[in-house]
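Enquirer: Dropping the structure in here first, questions after.
The values are calculated or read from the model by the stated rules, or taken from the named source; none is laboratory data. These numbers were taken from a predicted model, which means no experiment stands behind them. Here the Cβ positions follow ideal geometry from the backbone for every residue, glycine too, while neighbour counts run over all protein chains shown. Each accessible area value is taken on the protein alone, full model and side chains, heavy atoms only, with ligands, DNA and RNA left out. Shrake-Rupley method; radii C 1.70, N 1.55, O 1.52, S 1.80 Å.
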Amino acid sequence: MPRATAAFPAHDGASRSSQQLGSWQPFAGSADTDTLLDLPLLTSRSRDLSRNNGIAAGVIQTKADNVVGTGLRLVAMPDWKLLGKTKEWAEEWSRNTESRYRLWADSTDCDASRQLNFGGLTTLVYTSSLINGEGLALPIWQPEAGQSFATRFFVIEPDRLCNPNYAFDSRYRRGGIEIDDYGRALNYWIRTTHPGDIFSGYSTPGVWEKVPATTQWGRKRVIHWGRKDRPGMTRSKPIFAAVMQQFKMLDRYANAELDSAVVNAMIAAFVETPMEYDGLVAMLGGQEDQVKPYMDNKAKPQNRARLKSGAIVPLYPGEKLSAFNPGRPSAGFGAFMEAVLRHIATGVNLPYELLMKDFSKTNYSSARAALLEAWRYFRSERNALADYWAKPVYELWLEEAVNLGIVDAPDFYANRAAYCRCRWIGSGRGWVDPVKEAQAAQIRIDSGLSTLEAECAEQGLDWEEVLHQQAREMALRKELNLLTPSQSKPPPGQAPDSGGQPIETDADPKKEQQPEDEEE
């Protein structure tokens, strides 16, 4: 059998001679080769889009609102079996740890700049990962009088992570990160100022600090998170990388159509004259020297009629008024814009309806399917953010809390993973139809397919807090002699405020209707 060759490939997609694919021969570089050289320009263009393109800015805000929302809430889950403890000990330990952590995370003490709480820092890191391709934070040790904890986090832009003196990348130092043979980060080179800061970066010579990835006992010195879509990828690229060209070209097209529409709107009509030069001279009695004063006089604004409602337009001899009917925007403008925007929506992993905040052409089933697809993506993003940002933050805080004696964790360093086990609750996903979805949640719980904990987490709630709040409300209702919601609801078939009497109906289904006698 003949073998496939470069001239006669077995796959049409590998053809070098076809008219459609012959000129398409991209270079097969490594992940870093394809990324690091293009990353500075990709990042600057991504920032420009997020600043000046409303749709791109909406993509960032929509993702941040759904993935982070109001923040991530800690649920400590120590592995009590591995630690040789009881379930009761784990519950008490978790409540104490969560309370201590919440006091620190809900204040600005967790931020080295004292501007944001943990929720704000999380939004900042996630937004940076979207626009710049990666989030970068430095755990800082800042003891201060009157502060219980010295652990704080300094979120910086990834531009400051670069090779010292902008040296070329090498085998073991790429994009400011020193790696080993397996790609493990060993050291990070952080510039002390932003290279694009005109207030310090331009006037101050570049100074780089070599920051180890961890301390000798394993404490993180750098938190660096980005999406990795290829093995061996040291730095990550912005989310707009694949659709950047479409974004920019669509922006130019829309602006051109808008400019054209504005210019066309300024022109109401044309004044036409078929009279040539000889005819104009004849009209002026053969006096050619009067042609120029005549034309100058016509061109004066005060001598031209202004169009307004009900106006009578006087015309010079030989002139006629012609209406102006522009063809812009074109009839296919909307359909073309929608087609390109659907392409962009796919590239940024958002349904078109959510990208444009437009559900006017969508029914309930389609809207629900689109939002469920988006929610799967948001959940994946949230899990990654929790694993690579929120959990390391919690581990660093917990290490200090244990060393201060605030949290009791014997043999912490030997059992770090068991003590640091946790999960995170984010903002709820919301409802399309609250009644149907609440009924579905109740059915899942009653049939054993779900739990109150899982259903509460879907809405961004802590199930224990929900039960405690319900207990408080029930106790207060009892104290005030009020009916509970279940008691105030009438049984099936009974009307409200009917004194226990059944609902009257026009017909009793138990009675059989007697057939009428047939006429003889």
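Enquirer: Which value in nm describes the separation of the simple spin-label points at Ser366 and Phe8, placed 7 Å from the Cα toward the beta carbon?
Expert: Reported label-point gap for Ser366 and Phe8 is 4.9 nm.
Enquirer: Just the number, please: carbon plus sulfur as a percent of the accessible area of region 44-150, 1.4 Å probe, no ligands or DNA/RNA counted. Could you put the intermediate results ahead of the total?
Expert: Numbers: 2450 of 4890 Å².
After summing per-atom areas, the C and S share lands at 50 percent.
Enquirer: Multiplying the sequence separation of Asn264 and Ala213 by 0.36 nm and subtracting their Cα-Cα distance, what value in nm do you get?
Expert: Extra length from Asn264 to Ala213 when fully extended: 12.3 nm.
Enquirer: OK, next. Just add up the charged neighbours of Leu49: K/R +1, D/E -1, any other residue whose Cβ is under 12 Å from the Cβ of Leu49. Could the numbers behind the result be given before it?
Expert: On the way: positive: Arg45, Arg47, Arg51, Lys248; negative: Asp48, Asp251.
Spelling it out: positives minus negatives among the neighbours equals +2.
Enquirer: Moving to a separate point now. Would you please classify the overall shape of region 148-193 from the alpha carbon gyration tensor, given that a ≥ b ≥ c denote the square roots of the eigenvalues, rounded means a/c under 1.5, and beyond that prolate means a/b larger than b/c while oblate covers the rest?
Expert: oblate
Enquirer: Around Phe153, which amide H atoms from residues at least 5 apart in sequence, or from another chain, sit under 5 Å from its own amide H, with H modelled in the peptide plane?
Expert: Long-range HN contacts for Phe153: Asp111, Ala112, Ile140.
Enquirer: Pairs to check: Lys228/Lys248; Lys63/Lys228; Lys248/Lys361. Give those whose C-alpha atoms are more than 23 Å from each other in this structure.
Expert: Over 23 Å Cα-Cα: Lys228/Lys248; Lys248/Lys361.
Enquirer: Still on this structure, I have one more. Exceeding 30 Å between C-alpha atoms, which entries from my cross-link table qualify? They are Lys237/Lys436; Lys237/Lys357; Lys81/Lys391. Don't jump to the answer; show the numbers that get you there.
Expert: Values: Lys237/Lys436 41 Å; Lys237/Lys357 26 Å; Lys81/Lys391 21 Å.
Beyond 30 Å: Lys237/Lys436.
Enquirer: When N is the residue count of region 1-147, what does its C-alpha Rg come to as a fraction of 2.2 N^0.38 Å?
Expert: For region 1-147, the normalised Cα radius of gyration is 1.74.
Enquirer: Could I ask something else about it? With N set to the residue count of region 69-147, report its C-alpha Rg divided by 2.2 N^0.38 Å to two decimal places.
Expert: 1.37
Enquirer: I need the peptides 104-114, 58-68 ranked by packing, meaning the mean over residues of other C-beta atoms within 10 angstrom, with the highest value on top.
Expert: Averaged packing, sorted descending, gives the order 58-68, 104-114.
Enquirer: Same structure again: Along its three principal axes, how long is region 100-142 when you only count alpha carbons? Whole Å, largest extent first please.
Expert: 32, 19, 16
Enquirer: I need the semi-axes of the equivalent ellipsoid of region 130-240: take the C-alpha gyration tensor, multiply each eigenvalue by 5, square-root it, list largest first in whole angstrom.
Expert: On the way: eigenvalues 108, 75, 45 Å².
Working from the Cα gyration tensor, I get semi-axes of 23, 19, 15 Å.
Enquirer: Counting only heavy atoms of the protein chains, get the accessible area per residue of region 132-218 (1.4 Å probe) and round it to a whole Å² value. Spell out each step's value before the answer.
Expert: Numbers: 4880 Å² over 87 residues.
So region 132-218 comes to 56 Å² accessible per residue, rounded to a whole number.
Enquirer: Could you give the length gained by full extension between Lys87 and Ile156, i.e. 0.36 nm per residue of separation minus their alpha carbon distance, to one decimal place?
Expert: Length gained between Lys87 and Ile156: 20.8 nm.
Enquirer: Taking Cα centroids, how far is region 141-163 from region 8-42 in Å?
Expert: Distance between centres, Cα-based: 42 Å.
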